[in-house]
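Participant: Got a structure for you, written out below as structure tokens; questions coming shortly.
Each reported figure results from applying straightforward, stated rules to the coordinates on display, with no laboratory input. Computed from a prediction, not measured in an experiment: that's the story for all the values here. Here the Cβ positions follow ideal geometry from the backbone for every residue, glycine too, while neighbour counts run over all protein chains shown.
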Amino acid sequence: MDADGAVDPRALERELWAAVAEDERRERENEAKLRAMRQRVPSYEQFRNMVLASHLKPLEKKDKMGQKKNVLWNPCAAHAKGPQASDVEIPQELDQLPGTSAEFYRDWRRCLKSRKLKYQFLLELGGEALGRIFQADLGYGLLSEFLVVLAENVCQEDRDAILQILQSLSGTKRFELNLDLLSEREKESGRDLFRKLWSMSREHWTAGHPSSTAGCKAEGGAHLLEASLQKETEEEGRVLELMKCYQMN
């Protein structure tokens, strides 16, 4: 806390990452100790060396030193017209997606160096996996980063996936606390994201579905208009519900 008793968010974040790193270290070293006992190493020195080297991973046959992997990792590119999208360089550490919050923190902080990569990373995981990873706790600062990353990169083709991500995150523990800790700038990023999602929902139904009575009658009946309007209302209601949940209205 500061001298006046106020909570320092940056200090809390540093404490969080320090605690995560310490938990990872303890788990890793405990596994190394058990492995050394099972192997019945002949001396304490070998036992100690196995524990100290527990953070190292053996190279596999497919690994090549000094070589990086380039993968086209842009779901928007498949739908875009015009010049072919450039490849996005993906760190080799992300060949396997995280399954726990600790693994997510590690990849999010150390491996993903741009907001574009972070955006593709969130889409690759999807709402269901993110909800499962952060079911116990959504760490301080992550929600604000997610909102900024999504707002900057959202596109029409990813609209449904982003809505699912937002829906899943809203069900995690400490979600309300994370909302309370958003700065005004971060809240504006959230409002910008929902404005774009709302606009995309309107454009989607205007462009891809019959919206006029005349158009529906020409296709065979007024029931088509009713069904289309009902679906449009449901989509808009979903966006409005999330806006209310995220306190962005």
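Participant: Quick one: which of 151-159, 178-186 comes out on top by average Cβ neighbours within 10 Å, and what's the full order, highest first?
Facilitator: Sorting 151-159, 178-186 by mean packing, highest first, produces 151-159, 178-186.
Participant: Another one. Using all alpha carbons of segment 106-205, what is the percent of pairwise distances in each 5 Å bin, ordered from the shortest bin to the longest?
Facilitator: Whole-percent P(r) values from 0 Å outward: 2, 13, 23, 26, 22, 10, 3, 1.
Participant: If you stretched the chain out fully between R10 and E45, how much longer would it get, using 0.36 nm times the residue separation minus the C-alpha to C-alpha distance?
Facilitator: Result: 8.6 nm gained on full extension.
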